[in-house]
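Here's the structure, in C-alpha cells; my notes come after.
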C-alpha cells in the first residue's frame, strides 16, 4: 500500500477559508452574553497571561486539553481576547462539520484522522494555514473528552507531525478547567504553558516532539490544578464577569430582605471574581 504524500501548499495558498469579519463580529456579539449567562467567570493565570502577542512574528498552534463540550466556544472567546489580530482556525471531525456547516464560517475545518488520507489532508490544510503569519490553529490533541486529572493518555500524532513539518511556528500549551467554587455557576480557569518555537529544534524527531508537547501540556495542567485546589481568585486575571447569585426568584427574596433590614444587597456568595 502506497503511503499518502502531503502536498506542500505553494506560496501563499490557503486551503481553508478565513472567516468573514462581519460574521465573526455577529457571532461574538452573541457569544459574550451567552457565556456570561452560563459562567460566573472566565479567568486566566496571571503569571502566564501574555501582555502582548509574544508570537507576533510567527503563526501559532494553541494545543489544549479537552475536558468539556464548552471547549470550542471557550477557545473562540480566548482567541478573540488574547490574540485579536490573528485568524482563528480549528480542526473538527468532518462528519460533525457536515452536520453543523455554520462552524465552517467560524474557522473550523473538517478532518478524518481515522484514515491515512484524512491524516494527510489534515497536514496539508494545517500547513497552508501556518504559511500565514497572522494565523492561529487551536487543537485538542487528546482526541476525546478527558478528565483534567487524566495525564496518562498519549496525544494524537497529528500535532507532533505538524510541528516537525513547520519550521516557523510557535506551539503553545493551554490548560483548561471548569470548577464550582462559591457560586451557582462554574468558573472557567485557564493557564498557558511554555511556548515552543518549532524552528529552534530542527533535530527533534516526531517522537521527541510528542514527548515535549505532552510534557508542556501536562505541566500547564498540573500548575492549573494547584491553583484550582487553592480556591483563590488572586492569581488570576478575570477575562469575563458572568452571573452571580442563586437565581432571580431566590435573589429577589434576598433583595427584599436586605431592603427591609437596611442592608446592601450582594448577589454573590463570596469575594471571588466580583
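The values are calculated or read from the model by the stated rules, or taken from the named source; none is laboratory data. Just so it is clear, the structure is predicted and the values come from calculations on it, not from any experiment. Heads up, the Cβs are rebuilt from the backbone with ideal geometry, glycines too, and the neighbour counts pull from every protein chain shown.
Here are the numbers for the structure shown:
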quantity	calculated
Answer residue from segment 107-134, given it is assigned to a helix (DSSP H, G or I) and under 21 Å from the mean Cα position of the chain (by Cα) and is surrounded by the most Cβ atoms within 10 Å (Cβ to Cβ) among those	126
Per-region count, segment 58-92, residues farther than 19 Å from residue 24 by Cα and touching a strand residue (DSSP E or B) at 6+ places or on another chain (Cβ under 7 Å)	10
Filtered residues of segment 78-104 (kept if out of contact with any helix residue (DSSP H, G or I) (no Cβ under 7 Å at 6 or more places or on another chain) and over 17 Å from residue 172 (Cα atoms))	93, 94, 95, 96, 98, 99, 100, 101, 102
Of all residues making up segment 94-106, the number that are free of Cβ contacts under 8 Å to residues at least 40 places away in the same chain and surrounded by fewer than 16 Cβ atoms within 10 Å (Cβ to Cβ)	7
Residues of segment 81-93 classified as in a helix (DSSP H, G or I) and buried (at least 17 other Cβ atoms within 10 Å of the Cβ), total	1
Flag if residue 47 is assigned to a helix (DSSP H, G or I) and modelled with pLDDT under 95	yes
